[in-house]
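The block underneath contains the structure these notes are about, expressed in structure tokens.
The values are calculated or read from the model by the stated rules, or taken from the named source; none is laboratory data. None of the values given here were measured: they were computed from a predicted structure. Cβ placement follows ideal geometry from the backbone for every residue including glycine, while neighbour counts extend to all protein chains displayed.
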Amino acid sequence: MPRVPPAACSARSSGRAMDLAAAAAIETRTLSRMVPSGLPPQPPVPAPPSLADLHLVLFMTDGISLRIWEEAGMFEREVALYRRLRPYLRALTIVTYGDRWDAACRSRLPGIRIVCDRGLGPARYRDWIARRLPRLWRGPTLVKTNQTAGADTAFAAARTAGAWFMARCGYMLSEACVHLHGPDSPQTQSARALEAAVFPAADRCVVTADAMRGSVLATGADAGAVTVIPNYVDTDRFAPDPGARREPGPFRVAFIGRLVPQKNPLLLIEGLRGLDVALDVVGQGELLPAMRAAAQGMDVTFHGILPHLALPALLRRADCFLLPSGYEGHPKALLEAMACGLPVIGANRPGICEVVRHGRTGLLVEPEADAIRDAVRTLAGDCGLRAALGRAAREEVLATLSLERTVHNELALYRDILARPPKAAGAGGEAPCPR
């Protein structure tokens, strides 16, 4: 290859340098016409807060306190998630509607702040937690509801603080009001108005079952802002006893729940009448006297309310769990029975039919006495079927509903929420007014 003379190389290099300089000058003139001179440089986009910076504030359901949770045997179940979340967060506060009894629970919830009514009275207390308490919060804050009742107060607090707002619910309040009071009742209309105000305004809506997602979207919430995080089960505590042996005696059925019309407890008694079974009933409610009267001559033990920590032992003694409710959200007692490896019988109704896979993790029946009786007979007469259903039920809960998985899902959701500015910081108009 012929050599290029040095002078030629120098000329070519000089030409390229002139070409680059000319191109740079043209680009500079073009940019100067596009961007007015004298503008300050744009500040860098700030990084979203990390979980370690986050203050999570849980608003309990309107009128509900830690004491009510304790008296209903729910305390340990309900606080388990927040005990696990606390180490990942800068701060965690629970806003209750209780009194100084709730404040004394700090010793049971180390590292978690408890806000309660110290003598203001219901109306003044709601106003204080909505409009004054949030002014004390510092740093990135996420306000979360436990249920829809009281979500207006929680949203007003988020608006006051310019915080993120997460509307979580385990059941649709309006649908519960339809069952309890009728579709055109004032209670139902009020619940629908509350849902229509709160869900579209939330940074994220969280429901416990896929069936609820459509109901939330119908209020006007954005499809991308609705997330399903099912109820969780402490699968270490609610687990089969591998060394247990069935005690001699009749086939034993367990029921755990409020003794109210929604749960169909009288149908439970009627469905078991005439069978050689024993029934354990855990719970209280308005139908207890009628249940006692209907159960005359049957082997039924009414335990009242038991502490949550006592439930695994009761479930392990049972041969099956029965839930004949007319409707449910995402029934925790049913999930805990499945986690214990119990075969379950559930009414083929909303909230239950999404949990139980018929013939795989349990049996679904129509809420009728004859159908319940036939299902109990089927399980009582086939120990192999009971074992297979119970094993599959346990595996399903482990795979999808463990407390550890829920902690992971909650933290991932918080990170996603923090990646966008809170709606409450820039939204116009008025927040829904607390009662």
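Things to note:
- Helices (runs of 4 or more DSSP H) wholly inside the range 88-173 containing at least 3 residues that are within 24 Å of the chain's Cα centre (by Cα): 122-131, 151-161
- Close pairs (6 angstrom Cβ cut-off, 6 or more residues apart or separate chains): closer than 21 Å to residue 90 by Cβ in the range 112-135, of a type in the set (A, V, I, L, M) and surrounded by fewer than 20 Cβ atoms within 10 Å (Cβ to Cβ) anywhere: 114/103
- If the condition is being of a type in the set (Gly, Ala, Ser) and either crowded, with 22+ Cβ neighbours inside 10 Å or under 13 Å from residue 199 (Cα atoms) (or both), then the range 136-160 contributes 149, 150, 151, 154, 156, 157, 158.
- All of (1) part of a helix (DSSP H, G or I); (2) charged (D, E, K, R); (3) surrounded by fewer than 21 Cβ atoms within 10 Å (Cβ to Cβ) hold for residue 184 with one exception: (1).
Here's the yes/no breakdown for (1) of a type in the set (Gly, Ala, Ser); (2) in contact (Cβ under 8 Å) with a residue 60 or more places away in the chain:
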position	(1), (2)
159	no, yes
167	yes, no
170	yes, yes
188	no, no
191	yes, no
201	yes, yes
208	no, yes
219	no, no
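- Every test in (1) assigned to a loop (DSSP other than H, G, I, E, B); (2) loosely packed, with under 15 Cβ neighbours inside 10 Å; (3) under 29 Å from the mean Cα position of the chain (by Cα) is passed by residue 245 save one, and that test is (3).
- Qualifying residue in the range 273-284 (condition: basic (Lys, Arg) and either surrounded by fewer than 18 Cβ atoms within 10 Å (Cβ to Cβ) or outside the structural domain of residue 379 (by TED's automatic domain parsing) (or both)): yes
- Count of residues meeting criterion [acidic (Asp, Glu) and either touching a residue at least 40 places away in the same chain (Cβ under 8 Å) or touching a Lys or Arg at 6+ places or on another chain (Cβ under 6 Å) (or both)] in the range 221-235: 1
- When 384, 359 are checked against the criterion of being in the same structural domain as residue 259 (by TED's automatic domain parsing), without any contact (Cβ under 8 Å) to a residue 40 or more places away in the chain and on the phi > 0 side of the Ramachandran plot, a single residue qualifies: 359.
- Single match in 95, 57 (criterion: touching a Phe, Trp or Tyr at 6+ places or on another chain (Cβ under 6 Å), crowded, with 17+ Cβ neighbours inside 10 Å, farther than 25 Å from residue 282 by Cβ and outside the structural domain of residue 332 (by TED's automatic domain parsing)): 95
- Strands (runs of 3 or more DSSP E) contained in the range 294-403 and holding at least 1 residues among the polar types (S, T, N, Q): 299-304
- Subset of the range 259-309 (residues that are farther than 30 Å from residue 177 by Cα and β-branched (Val, Ile, Thr)): 277, 300, 301
- Residue check: residue 73 meets all listed conditions (1) farther than 25 Å from residue 424 by Cα; (2) touching a His at 6+ places or on another chain (Cβ under 9 Å); (3) not in a loop (DSSP other than H, G, I, E, B) but one, namely (3).
- The range 38-64 residues that are part of a loop (DSSP other than H, G, I, E, B), paired with ones that are modelled with pLDDT of 75 or more and of a type in the set (Phe, Trp, Tyr) (beta carbon under 7 Å, 6 or more apart): 54/414; 60/97; 62/97; 63/97; 64/97
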